[in-house]
Each structure stands twice: as structure tokens, then as C-alpha cells.
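Okay, so here's the structure we're looking at.
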Amino acid sequence: MLSQIILNDIEDSCCHIEKQFFKDKIIVITGASGLIGTYFLAYMASLLKKGISIEAYALTYSDPPPHILSLTSYGKIKLLRIDLADAKEYNRLPEADIIIHSAGYAQPMIFMTNPVVTMQINISATIALLRRLKPHGSFIFLSSSEVYSGLKGPVFSEDHIGTSTPYHPRAAYIEGKRSGEAACNAFRAHDVRAISARMGDIYGPGTRKHDQRALNSFIEKALFQQKIALLDSGAAMRSYCYVADAVALLLKILCSGKHAVYNVGGHTYISIAQLAKLIGEITNSPVIMPTSDNTNIPGAPDILPLDLTRIETEFGKTKYVDIKEGLKRTVAWQRELYGFD
């Protein structure tokens, strides 16, 4: 079963997370059918399997796929269909001891064509959710490394912020994330434990069909076309972190993080062309380079290298899943997702 792939990952990566933090708590996960939200949901399912008493709400916008339904079959996990871009829906949000706000569009072509909804989910919904947090509760907002857009430098620490303007092609996403962080900080001023996590490029099992992010698109092309045709030279660099590693770090932050904001990412720096070639090796698919260089997605950053000193100093260095192993697991996920196995 697809859900078992994710549960196995959770057991490997999150087995040492403090479980008693969640005991007897009401937990809300937004974006529960997204890549990161799915792994949070799997962690809650693993707690229930171990006899930890929790009550969890998995919030989704669209019909949940079968692997999400399988994960919510464990004990007290309730599915709640809700549109976080609609303020009239906010009175349906449950009060909770722990809120994990991982909802939002992560695929550039989607958030760029839905700018208003993108801002509402990151700003209005963040404030509404913070107001549903019980006293002495904990809140984590999944921000993005794109808040550093416009900066030049070797690495970016949590004290930096980008220089892009509200007229940037990706402004709805960038400014939405900045505003979500500002909302968390405003509530912290009133003794609310709200933390922002600036996420790098996260990959792995848990995506839906036809995900348009480069890594998933390459795998889909390899499976269906037996080749990976690049649209440009693939020179742009990215820093990837396997989803189970990212969620393990996020859980540590949620349980005991002392700071208002953390960078969360990996140490694997790789070009898009190199990424395509690795996927080609795993799937036995040739990589076809273009005869001319097409334009990239407007405003896409070349690379946003994250300084991970803060998170590694506080929680220790993470032994990350190797990019080749992570890609093998991701290919296995998509093979089963599309019915190739």
C-alpha cells in the first residue's frame, strides 16, 4: 500500500521524536494531503498505533486520495474538508492544542496563477488558525526559503530577508509567506508559541499525480515516455531535502524549538540537469538536452542556500537520506501511484 511507504519512512526518521509532547492533545494539520502534511499525518497515525492518546484533524481542500484515507483510518483522526481561502469557513476550524499549518500551493505554476488564493491561505488563514489555538498551545507555520528572494550571498540565515518587491512575478507567494511569519510574530508578542519554518526544496513520496515540480515531472516523463526531455540547459541549482528528514526536523522544532524562525532544508546542492541524469539512471531513461534554451518560470530563483547553523546547533546535525536513495524511494512511490507495479 502507498501509505505503508510513508509509514516506513516515519518509523525510520521520527522514531526518536518526543512522543509525550502529543499525548492527550488535539492536533490540527492543514494541507494534510500535501507532501509535508501527509508525513505529519503519518506521524500521528504512528502515535495512535503505539497507543499514544491523541485527537487529530486532517484538513484538506479537495477529495483526499486513497493513501490519505488509509492513514486516517487509525483511531481518532478525522478528515475535515475546508476551503482556507474562504473566510466564511473559519468558524468551522476546531480549537486545538497543536496546529501545523502546512496548507498552501507549493507548485509555482499553481501559486502564480492563483495569487489571491495563495495570499489568503498564507495570511488570512494563518491568523484564523492562530485564533483557534488553545492557551499554552503550539503553532508551526510552514514558510519558504523564497522569502530570501533577491539576496546574493553564500548562505542565508534566519536574520536575513529578501529584497524582492510586491511586483515580483512570485510576489503573492513570497509576500504571503512573509506576512504569515509576521502574523506568527504578532501573536508571539502576546505569549503565543508560534514558530515559522522557512522550507527549502523538499521532495519524496506523498505527492499526487501530475505534480509539476521539476523533480516529480522528470519521474513522470521517465515512466510514461521512457525519456526525460529538458526544457532548458538545467543549469539552475537547487538544494534538496528528503521529506522524512524535513518532517523529523519540523517535529523537533514543534516540540522544543526556542526560536521564532528556523531554516529547514538539506545539504544536497545539485543542478536541475544533474537531477534529471540521476533520475534517468534510476529509471533507465535517457536525458534529452534542448537544442535551444527556453525561458524558465518567471522569477524563479537560481538557488537559495540556507544556513542551517541554528537548527543544527539546537538539535544536532541530521544524517540526511542520500539523494540517490531518496530518489529511488520517490520513483518507487510514483511507480505505484501510476500503477506501474
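The values are calculated or read from the model by the stated rules, or taken from the named source; none is laboratory data. No experiment lies behind these values; they were computed from the predicted model shown. Backbone-built Cβ (ideal geometry, glycine too); neighbour counts: all protein chains shown. With ligands, DNA and RNA removed, areas are computed over all heavy atoms of the protein, side chains included. Shrake-Rupley method; radii C 1.70, N 1.55, O 1.52, S 1.80 Å.
A few comments on the model shown:
- Placing +1 on the Cβ of every Lys and Arg and -1 on the Cβ of every Asp and Glu, with nothing else charged, gives region 111-209 a dipole about its Cα centre of roughly 360 debye.
- Extended-chain gain in nm, criterion 0.36 nm per residue less alpha-carbon gap, ILE288 and HIS16: 93.6 nm
- Rounded to the nearest 20 debye, the dipole size of the chain about its Cα centre is 500 debye, using +1 on the Cβ of Lys and Arg and -1 on the Cβ of Asp and Glu.
- Length released on extending from ASP341 to ARG132, taking residue separation times 0.36 nm less the Cα-Cα span: 70.9 nm
- Heavy-atom accessible surface of region 44-103: percent carbon and sulfur, 1.4 Å: 51
- Residue ranges 226-234, 123-131 sort as 123-131, 226-234 when ordered by packing (mean number of other C-beta atoms within 10 Å per residue, highest first).
- Which of ILE82, SER33, ILE54, positive extreme of dipole for region 5-90 (C-beta unit charges): ILE54
- Solution diffusion estimate, µm²/s, Stokes-Einstein, region 47-182, Kirkwood Rh from C-alpha pairs, 20 °C, viscosity 1.002 mPa s: 129
- A Cβ-based charge dipole, computed about the Cα centre of region 298-341 with Lys and Arg at +1 and Asp and Glu at -1, lands at about 140 debye.
- Folded to 0 to 90 degrees: helix 171-188 orientation relative to the chain principal axis, Cα: 30
- Along its three principal directions, the equivalent ellipsoid of the chain from the Cα gyration tensor extends over semi-axes of 30, 24, 19 Å, largest first.
- 4 °C / 1.567 mPa s Stokes-Einstein diffusion coefficient of region 151-263, Kirkwood radius on C-alpha pairs, µm²/s: 76
- Pairs of alpha carbons in region 188-341 separated by more than 20 Å make up 54% of all such pairs.
- DSSP bridge orientation in the chain - percent antiparallel, rounded to nearest 5: 10
- Lysines whose Cα lies under 30 Å from that of LYS277, excluding same-chain neighbours fewer than 8 positions away: LYS152, LYS209, LYS221, LYS227, LYS317, LYS319, LYS324, LYS328
- Full-stretch length increase - VAL155, ASN185 - with 0.36 nm per residue and alpha-carbon distance subtracted: 8.5 nm
- Of the two radii for region 1-102, the radius of gyration is 0.95 times the Kirkwood radius, both from the alpha carbons; that is the Rg over Rh value.
- 5 Å binning of all Cα-Cα separations within region 1-49, expressed as whole percents from 0 upward: 5, 20, 32, 27, 15, 2
- Every helix of 4 or more DSSP H residues in the chain counts as -39500 (n - 2.57), and over all residues that averages to -11500 deg cm²/dmol at 222 nm.
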